[in-house]
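Reading through the structure tokens given below for one structure.
The values are calculated or read from the model by the stated rules, or taken from the named source; none is laboratory data. From a predicted model like this one, the values you see are computed outputs, not experimental measurements. Virtual Cβ from ideal backbone geometry, glycine too; neighbours counted across all protein chains shown.
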Amino acid sequence: MSDRSGFDEYVVRRSPWLLRTAYLLTGEVAGAEDLVQTALAKAWPVWSRIGDDPDAYVRTVLVNTQRRWWRRRWRDEVPADELPDGSVRQVDAMAAVDEREVLWRALRRLTRGQRAVLVLRYFEDLTEAETARVLGCSVGSVKSQNSKALARLRLDASVSPAARMSPSGATGS
């Protein structure tokens, strides 16, 4: 895609993938939509120079932008499961939390670096070298963060044994 004419086609074709990746990085729909919009806005001016594989460029912009947002985020606000104001009608929308929600919460307890490695390695199916390139670190760092993240998930009591299986299918010990 050597010119800007392919930008519209790329956005239409890859938006679901971009939104999924952004959601996995941010943990919220609104933040994911903002992240995708920002990444595409950054890609537009340089579209003619990106080359034939814009996914790598846009993926790197997604991760780096999310990192910058994380660093700037106000850290005094802590999300709560229940609203403190009793006058707000609270509805028990979910009697039982499904396995995906439990796993998602466990992923959110990982460090942002560990979560980024897991998202890129197992949801984006990147190699260790590709993940290292996107994150701007060594392959050894990717391996280390991956190992630590999977170990933390295996030890997390809230995650079911089936969900604790490593991506290769072998259970952790």
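Assess whether R14 counts as being among the charged types (D, E, K, R), surrounded by 12 or more Cβ atoms within 10 Å (Cβ to Cβ) and either not assigned by TED's automatic domain parsing to the domain that holds Y122 or not in a helix (DSSP H, G or I) (or both).
Yes, satisfied.
Return the only residue of D81, D92, D85 being exposed (fewer than 15 other Cβ atoms within 10 Å of the Cβ), farther than 26 Å from P16 by Cβ, at pLDDT 60 or above and not assigned by TED's automatic domain parsing to the domain that holds L19.
Exactly one of D81, D92, D85 is exposed (fewer than 15 other Cβ atoms within 10 Å of the Cβ), farther than 26 Å from P16 by Cβ, at pLDDT 60 or above and not assigned by TED's automatic domain parsing to the domain that holds L19, namely D81.
Those residues that are hydroxyl-bearing (S, T, Y) and either part of a helix (DSSP H, G or I) or in contact with a strand residue (DSSP E or B) (Cβ under 7 Å, 6 or more places away or on another chain) (or both), I need them from the stretch 118-147; list them, please.
Y122, T131, S141, S144, S147
Which residue is surrounded by the most Cβ atoms within 10 Å (Cβ to Cβ), if the candidates are limited to the stretch 35-54 and must be of a type in the set (S, T, N, Q) and at pLDDT 90 or above?
The qualifying residue surrounded by the most Cβ atoms within 10 Å (Cβ to Cβ) is T38.
Filter the stretch 8-22 down to the residues that are more than 18 Å from F123 (Cβ to Cβ) and in contact with a helix residue (DSSP H, G or I) (Cβ under 7 Å, 6 or more places away or on another chain) and list them by number.
Y10, V11
Select from the stretch 17-52 the residues that are among the charged types (D, E, K, R), under 20 Å from the mean Cα position of the chain (by Cα) and assigned to a helix (DSSP H, G or I) and list them in ascending order.
Those that are among the charged types (D, E, K, R), under 20 Å from the mean Cα position of the chain (by Cα) and assigned to a helix (DSSP H, G or I): R20, E33, D34, K42.
Which residue pairs have Cβ atoms under 6 Å apart, sit 6 or more places apart or on different chains, and have a first residue in the stretch 138-151 that is farther than 12 Å from L110 by Cβ and a second that is surrounded by fewer than 16 Cβ atoms within 10 Å (Cβ to Cβ)?
Close Cβ pairs (under 6 Å, with a partner that is surrounded by fewer than 16 Cβ atoms within 10 Å (Cβ to Cβ)) amount to V139/A129.
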